[in-house]
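Asker: First the structure, which I've put down as structure tokens, then a few questions once you've had a look.
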Amino acid sequence: MQSRLSALIAGIVVMCLVSFPAPAEAAKASKKQVSSKTIRSKAAKKPVKKLRYVRKGKPSKLALNKPRLRGGKITRVSTRASTLDFGAPIGNPGELALYSSSAVVVNAISGERIYGKNSNSPAPIASITKLMTAIVALDMHLPLNEYITITEEDVDTLKNTSSRLMVGTTLSRGELMHLALMSSENRAAHALARTAPGGTAAFIARMNRTAQSLGMYRTTFADPTGLTSANVSSAEDLIRLVQAAHHYPEIRAYSTSEGYNFVSNVNNRLYEFRNTNPLVRSQNWQIGLSKTGYISEAGKCLVMQATINDTPVIIVLLDSDGKLTRIGDANRIKKWLETSPVAMLRAG
């Protein structure tokens with residue numbers, strides 16, 4: 001009888017131990033549950049960190065991979081160049097804010113300065129130079145159907161940039177001007193200057209005289225391509241350059257052409273060239289003149305004459321950081337002129 005009672009008591013003790021964990025284990029589990037709840041609560045309340053860090057008004061490339069918190073979950077920003085959209089920089093409602101270091105927007109009819117940012121500061125202009133190269137070549141009334149051969153003198157030894165215009169390639173002066181303005185071909189631009197009467201040095205001197213005659217007093221040219229950072233100008237001066245260049249039908253046609261192909265006389269291969277400004281292929285834009293530029297000292301540059309809201313405007317963007325920033329700034333300007341009452345775009 002006593003042995004049965006002992007067995008019954010032992011069974012009850014075992015059942016209690018299975019049903020109720022030890023105090024230490026229960027406390028540990030409770031602490032773990034509270035800690036997890038606290039973490040989730042803090043994560044939900046934690047403020048979202050900004051993705052863009054401004055350095056001289058530009059988004060930092062490092063910020064693009066910065067994780068951010070959404071609803072307690074970590075997400076990452078896509079860095080695909082084809083879909084990346086910085087959006088508009090922070091500014092007052094209705095005002096235009098751009099990432100380019102220097103910019104100006106002008107009503108091409110009235111001359112009204114609609115927007116300006118560091119517009120009088122001289123800076124390297126890279127291949128925007130080629131607009132002046134084309135102006136000087138056309139002003140010399142050299143035959144556009146005259147054939148010119150690319151030589152070793154046209155090869156870039158300053159930046160060592162590549163070119164698909166092989167030494168020995170023969171094209172007409174008009175074709176070289178087309179490639180210089182549309183695809184920013186450096187060898188083509190240099191050949192235009194080299195083969196002009198007096199050679200390259202005389203051609204550059206004429207570029208500087210033409211700049212002075214246009215009132216471009218903050219502008220200096222040291223070569224016909226823009227590969228040297230010694231070619232400097234201001235956004236205000238470039239307004240004058242674009243206005244002058246727009247008077248030449250050849251510059252208007254060549255600079256806004258979507259592409260040009262030719263078969264090389266050197267290797268009998270077909271070469272296809274495209275415009276360095278993707279906006280000329282956009283149905284949303286009506287562009288009458290375009291020129292891009294880039295060297296490391298100048299950043300990404302873009303000048304355009306375009307019609308927006310039935311009004312021709314001139315846009316100058318200098319020192320844009322990032323592959324697509326100058327294009328994004330141009331689109332922001334267009335949207336601003338079309339929608340913002342602050343812009344007050346008037347025909348005259």
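Just so you know, all these numbers are worked out from the coordinates, no wet-lab data involved. Note that the structure is a prediction, hence the values are computed from the model and not measured. Cβ sites come from the backbone with ideal geometry, for glycine too, and all protein chains shown count toward neighbours.
Asker: Per the Debye formula with a single identical scatterer at each Cα and no solvent contribution, what log10 I(q)/I(0) holds for segment 102-339 at q = 0.07, 0.12 Å⁻¹?
Answerer: -0.20, -0.61
Asker: Moving on. Can you run phi through the Karplus equation (6.51, -1.76, 1.60; θ = phi - 60°) for segment 215-230 and list ³J(HN,Hα) in whole Hz, with x for Gly and Pro?
Answerer: x, 8, 7, 9, 10, 9, 10, 10, 7, x, 9, x, 5, 8, 6, 6
Asker: Further, regarding this structure: What order do you get for Lys334, Lys130, Lys323 when you list them from fewest to most C-beta neighbours inside 10 Å?
Answerer: By the 10 Å Cβ count, ascending, the order reads Lys323, Lys334, Lys130.
Asker: Sort Ile315, Ile150, Ile204 so that the residue with the fewest other Cβ atoms within 10 Å of its own Cβ comes first and the one with the most comes last.
Answerer: Final ranking by Cβ density, sparse to dense: Ile204, Ile150, Ile315.
Asker: In which sequence would Val266, Val104 go, from the one with the fewest C-beta neighbours within 10 Å to the one with the most?
Answerer: Val266, Val104
Asker: If you don't mind, another one. Taking R0 as 22 Å, what FRET efficiency do you get between Glu272 and Asn331 from their Cβ-Cβ distance, rounded to the nearest 0.05?
Answerer: Result of the calculation: an efficiency of 0.25.
Asker: Moving on to the next point. In debye to the nearest 20, how big a dipole does segment 102-339 give about its Cα centre with +1 on each Lys and Arg Cβ and -1 on each Asp and Glu Cβ?
Answerer: Computed charge dipole of segment 102-339: roughly 320 debye.
Asker: Would you mind working out the magnitude of the charge dipole of segment 264-348 relative to its Cα centre, with +1 at each Lys and Arg C-beta and -1 at each Asp and Glu C-beta, to the nearest 20 Debye?
Answerer: Here segment 264-348 has a charge dipole of around 180 debye.
Asker: Just want the answer: with Cβ charges of +1 for Lys and Arg and -1 for Asp and Glu, which residue in Ser163, Tyr260, Ile315 is farthest toward the dipole's positive end in segment 102-339?
Answerer: Ile315
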